[in-house]
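The values are calculated or read from the model by the stated rules, or taken from the named source; none is laboratory data. Please read these numbers as outputs of a predicted model, since none were measured by experiment. Quick reminder, even Gly has a Cβ in these numbers, built from the backbone with ideal geometry, and neighbours come from all protein chains shown. These area figures cover heavy atoms from the full protein model, side chains too; ligands, DNA and RNA do not enter into them. Shrake-Rupley method; radii C 1.70, N 1.55, O 1.52, S 1.80 Å.
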Amino acid sequence: MSQADVLPIRPGRPNPLWRLSLFRNETVTVFRRWRTLALLGVLAAVPVLVGIAVKLETGRGGGDGGGGGPAFINQVTNNGLFLVFTSLAVTLPFFLPMAVGVVAGDSVAGEASAGTLRYLLVAPAGRTRLLLAKYASTLVFCLAATLVVAVSALTVGALLFPLGDVTLISGTTVSFGDGLLRALAIAGLVAASLTGLAALGLFVSTLTDSGIAAMATTVGLLITVQILDQFPQLHAVQPYLFPHYWQSFADLLRDPVWGEQLLRNLGLQALYVAVFGSAAWARFTTRDVTA
Amino acid sequence: MDEPVIETHALTKRYGRGRPAVDGLGLVVPRGSVFGFLGPNGSGKTTTIRMLMGLIEPTSGVARVLGEPMPRAGQRVLPRVGALIEGPALYGFLSGRDNLVRLDSADPAADPRTRAARVGEALDRVGLANAAAKKARAYSLGMKQRLGLAAALLQPRELLVLDEPTNGLDPQGMREIRTLVRDLAAGGTTVFLSSHLLDEIEQVCTHVAVMSRGRLLTQGTVAGLASSVRGRLSVTTPDTAEAVRVLKEHGVNDLVVTDDRVTGELPAGELADLNAALVRADVRVRAFGAQRASLEDAFVALTGEGFDVAG
Ligand SMILES: Nc1ncnc2c1ncn2[C@@H]1O[C@H](COP(=O)(O)OP(=O)(O)OP(=O)(O)O)[C@@H](O)[C@H]1O
Ligand SMILES: [Mg+2]
C-alpha cells in the first residue's frame, strides 16, 4: 500500500512510548523555572562557604582536635573529598529538603493556581499520568539537587585542599577511587532520603489551589518534624519520622558497611512514598478541578 | 440521524450547599452545529463545560460527549475535543511556542515526531507566528486568548468547546474569532460556544440554548427561537402622539414611544389597513412594518426579566 509509506503510524493507534513525553516535558519545565535555578544556586553555594570557612580556620592554625562542627569537617583539610560528605551532612537537615519541599509543594497546586491544570487535564494528560509525571520529575530534582551539592563540594574540595586516599570511620584506608565511588553512592542515598518528603509534598499539593500555601505547608511540616525528632521525650514515635535516619548515610564510610540504619532509612522512605503517594492519588483522581 | 455530539440528561452540579449551579440540564448538541450556549453571568455555563470536559464530577445526571460518558471516557474523548475554558491560562516563563509544546506533550495520542509541525501550524492559524518566541507573560490579553485558541486547535478536532472566546478582544479580534469559528464549522467541526453576548450568538450560531440560574430555558435553532417570539409593529413618524392615538383606536396594545418611533404588539389583522388608517389621520409615516424579533427579545420573553446576573 502506498498509503503506508505516507503515514508511518496509523492515526488512532498511538505508540505507548509517546506517553513519556509528558514526563520529559515536565522535567525540562521544572528546570526552566527561575525559582528552581535559584534553589540550585543556593545549594551550590553551601559547599563553597563551608570550604572557605575551613580553609580560613586552618590558616589561623585552628582545629580543636575533633570537637563540634558538622560531620567529617576535621578531615577536610587533609582530603578535599571529605568536603562532599560534610556538605551533604550540612545541607541534608534543611537546605536540601526545603528545596524539595518547594518543588513538590508547587507541583500540582502551582498548576492549579495558574489555571494551567485544567488545560493539562483536557489535553488530556490523564490524572494518574500527570501525578506520576509530577512525582517523577520531583525525584529528578531530588537527585539533581543532591548532585549539585556533591559536585560543587568536590570542585571546591579539589581546589582548596589536597585529594588522596580516604581513611574511613572504621580506621581502614581505601583508595581515592574507592572513596569517590562511595561519595557517589552517598549522593544517591541522600537523594533517596528525600523521596518520602517529596511524596508528602505532592500530597499537600493536591489539597489546595494555592502553590504558595502548598510550598509553605510542606516546608513547615519539614521544620516541625525535624524539631520533633530532637525531643528525647518523643523517642517512641521518632523511628517513624521521615528524617530520623537521614544521617545514616555516613555508615557507607565504614568497612564493612553498616547496613541496618541505611535499610531502615530506605524502608521508611518507601513507607512514606506508599502512604502519601496513595493519598495524593486518591485525592487528585477524585477532586473537582475548578481553578 | 447522527448521534448528538453532546447529550446531557438531568445533569446537576451543586458546589457545597445552596442552589445548584446547574440544575437538571438536558442539552442536545447536534453534529455540525455552531451551538450558542447563552446565559447571564453566573447562570452555570462554565460549570456545565467543566462537567462536559471531565474537570468536575456531576452531583447527579449524565453527560455524554462524542457518544461516550464523561468523565469516565475522558482519555478516549478529549483528544478529539479542543477547549478554551474560562479564558486562557499560560506558563508566563515559557514562550508561546513552548506553551503549546507542553500541552501537546500532555496528549498521549500526539506523535512527538510531528509535534513541532503541529505547534507551528496552530500558531499560524491564530496569527501568532511572529510572537511565538516571546515569553507568554509579555503577551497582551488578546494574544493570550489567541494562544489559548491555538492550544485548542493543535489537533484536528471533532468538537471545539469555547467558553466566552471573545472576552477581552477588540472588535477586530472578535471578527477574527467569528471567521475562525465559521471556517471550522465549514470544515465539519461542531462548535459549542458559550457567551453572554446575544448578538455574538446571533451572528455565528445555528443553534442556541438559553440558561438562567442553572436551568435550561429553551434550546433549538436560532431562527426557530427568534420566530417563537412574536415580532413587534414599528412605526417611524414625527407625529408620535397622533400615531399612538390612531394605533390604540385600532386595538394595538403595549405601545411604546422612543424618539420618533412607536412600537407595539403586532396585531392579528392586515397591516396595510393600519398603515392606511394612519395616513388618513394625517400621520406622516416615514417607515412602517413588522420588526423581526431578536434573540434579546426572545430572552426577555423567556425570562420575563432583563439579562441580569442571578443573585
Ligand atoms: N468553584 C466554585 N465553587 C463554588 N461555587 C461556584 C464555583 N464556580 C462557580 N460557582 C457558582 O456557580 C454558579 C454558576 O457559575 P458559572 O461559573 O458556571 O457561571 P457562568 O455562566 O459561567 O458565568 P459567567 O458568564 O460569569 O462566566 C454561580 O452562582 C457561581 O457563584
Ligand atoms: Mg463562565
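Is there a residue being under 30 Å from residue A:167 (Cα atoms), at pLDDT below 90, part of a loop (DSSP other than H, G, I, E, B) and not charged (D, E, K, R) anywhere in segment A:261-274? Checked against the condition, which is being under 30 Å from residue A:167 (Cα atoms), at pLDDT below 90, part of a loop (DSSP other than H, G, I, E, B) and not charged (D, E, K, R), segment A:261-274 yields no hits at all.
All told, residue B:176 meets the bar of being in contact (Cβ under 8 Å) with a residue 40 or more places away in the chain, of a type in the set (Asp, Glu), in the same structural domain as residue B:29 (by TED's automatic domain parsing) and out of contact with any Leu (no Cβ under 6 Å at 6 or more places or on another chain). Candidates in segment A:73-87 are the residues that are among the polar types (S, T, N, Q) and modelled with pLDDT of 90 or more; of these, the one that is surrounded by the fewest Cβ atoms within 10 Å (Cβ to Cβ) is A:86.
The number of residues in segment B:192-207 that are modelled with pLDDT of 85 or more, of a type in the set (A, V, I, L, M) and either out of contact with any Phe, Trp or Tyr (no Cβ under 7 Å at 6 or more places or on another chain) or part of a helix (DSSP H, G or I) (or both) comes to 1. Every listed requirement among (1) in contact (Cβ under 8 Å) with a residue 60 or more places away in the chain; (2) away from chain A (no Cβ under 11 Å) is met by residue B:161 save one, (2).
Taking segment B:41-67 as the range and being away from chain A (no Cβ under 11 Å) and within 10 Å of ligand 1 (Cβ to nearest atom) as the test, the residues that pass are B:41, B:42, B:43, B:44, B:45, B:48. Restricting attention to segment B:72-91 and to residues that are open to solvent by less than 20 Å² (accessible area, probe 1.4 Å) and more than 16 Å from ligand 1 (Cβ to nearest atom), the residue that is nearest to residue B:144 (Cα to Cα) turns out to be B:91. Within segment B:55-70, restricting attention to residues that are open to solvent by less than 20 Å² (accessible area, probe 1.4 Å) and small (Gly, Ala, Ser), the residue that is farthest from residue B:20 (Cα to Cα) is B:67. A residue that is part of a loop (DSSP other than H, G, I, E, B) and farther than 29 Å from residue A:111 by Cα occurs nowhere in segment A:29-48. Counted as qualifying within segment B:214-288 are the helices (runs of 4 or more DSSP H) with 1 or more residues that are without any contact (Cβ under 8 Å) to a residue 40 or more places away in the chain, in the same structural domain as residue B:23 (by TED's automatic domain parsing) and exposed (fewer than 14 other Cβ atoms within 10 Å of the Cβ), namely B:222-228. The residues in segment B:114-167 that are within 16 Å of ligand 1 (Cβ to nearest atom) and touching a Lys or Arg at 6+ places or on another chain (Cβ under 6 Å) can be counted, and the count is 0. Condition check: within 18 Å of the chain's Cα centre (by Cα) and assigned to a helix (DSSP H, G or I). Does residue A:186 satisfy that? The answer is yes for residue A:186. If the condition is being within 14 Å of chain A (Cβ to nearest Cβ) and open to solvent by 20 Å² or more (accessible area, probe 1.4 Å), then segment B:142-154 contributes B:144, B:153.
Looking across segment B:7-40, the residues that are within 16 Å of ligand 1 (Cβ to nearest atom), in a strand (DSSP E or B) and of a type outside the set (Gly, Ala, Ser) come down to B:8, B:11, B:12, B:13, B:22, B:23, B:25, B:35, B:37, B:38. Scanning segment A:206-258 for residues that are loosely packed, with under 13 Cβ neighbours inside 10 Å and in a loop (DSSP other than H, G, I, E, B) gives A:230, A:231, A:235, A:236, A:237, A:256. Within segment B:96-117, at least one residue is open to solvent by less than 30 Å² (accessible area, probe 1.4 Å), away from chain A (no Cβ under 12 Å), farther than 17 Å from residue A:127 by Cα and not acidic (Asp, Glu). Evaluation of residue A:162 against the conditions (1) farther than 22 Å from residue A:43 by Cα; (2) in contact with a helix residue (DSSP H, G or I) (Cβ under 7 Å, 6 or more places away or on another chain); (3) modelled with pLDDT under 95 shows that the sole unmet condition is (2).
Per-residue answers, yes or no, for (1) farther than 19 Å from residue B:157 by Cβ; (2) without any contact (Cβ under 8 Å) to a residue 24 or more places away in the chain; (3) more than 16 Å from ligand 2 (Cβ to nearest atom); (4) acidic (Asp, Glu):
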| residue | (1), (2), (3), (4) |
| --- | --- |
| B:8 | yes, no, yes, no |
| B:13 | yes, no, no, no |
| B:30 | no, no, yes, no |
| B:64 | no, no, yes, no |
| B:67 | no, no, yes, no |
| B:71 | no, yes, yes, no |
| B:74 | no, yes, yes, no |
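From the set of residues in segment B:11-46 that are closer than 22 Å to residue A:286 by Cα and touching a Pro at 6+ places or on another chain (Cβ under 9 Å), which is most open to solvent (accessible area, probe 1.4 Å)? Among residues in segment B:11-46 that are closer than 22 Å to residue A:286 by Cα and touching a Pro at 6+ places or on another chain (Cβ under 9 Å), the one most open to solvent (accessible area, probe 1.4 Å) is B:14.
Can you pull out every residue in segment B:76-93 that is of a type in the set (A, V, I, L, M, F, W, C) and within 16 Å of ligand 2 (Cβ to nearest atom)?
Across segment B:76-93, the qualifying residues are B:83, B:84, B:85, B:89.
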